1. Ignoring everything except DSSP H segments at least 4 long, calculate the 222 nm mean residue ellipticity for the chain; use -39,500 (n - 2.57) per segment, divide by total residues, nearest 500.
2. Summing Lys, Arg as +1 and Asp, Glu as -1, what charge do residues with Cβ under 14 Å from the Cβ of F2 carry, F2 excluded?
3. Under a Cβ-Cβ cut-off of 14 Å, what is the net charge of the residues other than A122 that fall near it, where Lys and Arg count +1 and Asp and Glu count -1?
4. What are the radius of gyration and Dmax of the chain, computed over its Cα atoms and given in Å?
5. Counting only DSSP beta bridges with both residues in the chain, tell me the antiparallel percent, nearest 5.
6. Is there a quick way to get the dipole size of the chain? I mean about its Cα centre, with the Cβ of Lys and Arg at +1 and of Asp and Glu at -1; what is the value in debye to the nearest 20?
7. Hey, if you put +1 on the Cβ of every Lys and Arg and -1 on every Asp and Glu Cβ in the chain, which of A217, G236, S10 ends up farthest toward the positive end of that dipole?
8. Note down the magnitude of the dipole of the stretch 64-162 about its Cα centre, charges +1 on Lys and Arg C-beta and -1 on Asp and Glu C-beta and zero elsewhere, to the nearest 20 debye.
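Just so it is clear, none of the values below were taken in a lab; they were calculated from the coordinates. Just so it is clear, the structure is predicted and the values come from calculations on it, not from any experiment. With ideal geometry, Cβ positions are generated from the backbone for all residues, glycine too; neighbour counts draw on all protein chains shown.
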Amino acid sequence: MFKTILVPASGSDKDLVVFGTALQAAQIDQAHLAFYHLHPGVGDALVHEPHAGFALGKALRDLLDDLAETQDRRALLAEHHVRDFCARSQIRVTDTPLAVEAVTASWRGGDFGNEYRLIAKARSHDLVVMGRFTEPNGLPADLLQLMLIECGRPLLIAADKIPQKLTGTVMVCWKDAPGPARAVSVAMPILARADRVVVVAVDEGDKATAGSAAAVAQQLAWHHVRATAEVVATNGLSVQQALLAAAQKCGADLLVMGGYSKKPLRETIFGGCTDSMLTQAPLPVLMIH
């Protein structure tokens, strides 16, 4: 079960979609939403600021002042977004479990540090819900990739809008490999409540693909999960394009997949399904490394 969900609040316009997606996940098992804002130090933020290496003298001092002001503003906005969202969603804010089952929330801000503080925070939660950021925020541009590789917890990546539900049609992106197998186990709380589960494998020339996908669907039946298996051809598309086409065809509300079947650096250099889904998928993605 997902009973504690870490929800990083950025103080950006992405917060509402991330919070709404996290609430959808929390309602599955009446979980606790741990809203958290990491305040990157000015030195940490400077490392990830484009063109910072060209600033000298007064220009550098002005840049540092701007970064400090921006980080302070983001921290204030993050707290405002969290408290406003909890009030509108009628979520009780508490630091201790309630006697009755209900979605609750807590807020913590003011922690200074870099991305590794956030990664360490994630390790003590069942699930992490994050969005995609399109502008510098004092953290690495590849933060999602770092979280996926380092935190050891599943990530739920929000799309561009709040989903109507996560437990409608769930598509499992299957491959006979450790990552997808872990993803199925991690996603079981969602799969068990889904209206429909489709296990989709891409035909990459492996004759065992169809049997492997069918075996997963059969195994899910023992959990009373209504699942079907399907093997799709690429027809000239990349694997990720074929999967997204299948997701659109079946009307998927959520993708479940393992991350980085190849080494992350190799995927980054040559392109790969994980990076594409992390950064571009038009629907929420539940992923674990």
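1. Computed ellipticity for the chain at 222 nm equals -13000 deg cm²/dmol.
2. Around F2, the charge tally is 0.
3. Result for the local shell: +1.
4. Computed over the Cα atoms of the chain, radius of gyration and Dmax are 20.0, 67 Å.
5. On the way: 3 of 41 bridges.
Of all bridge pairs located within the chain, approximately 5 percent are antiparallel.
6. With Lys and Arg at +1 and Asp and Glu at -1, about 640 debye.
7. A217
8. Dipole size: approximately 380 debye.
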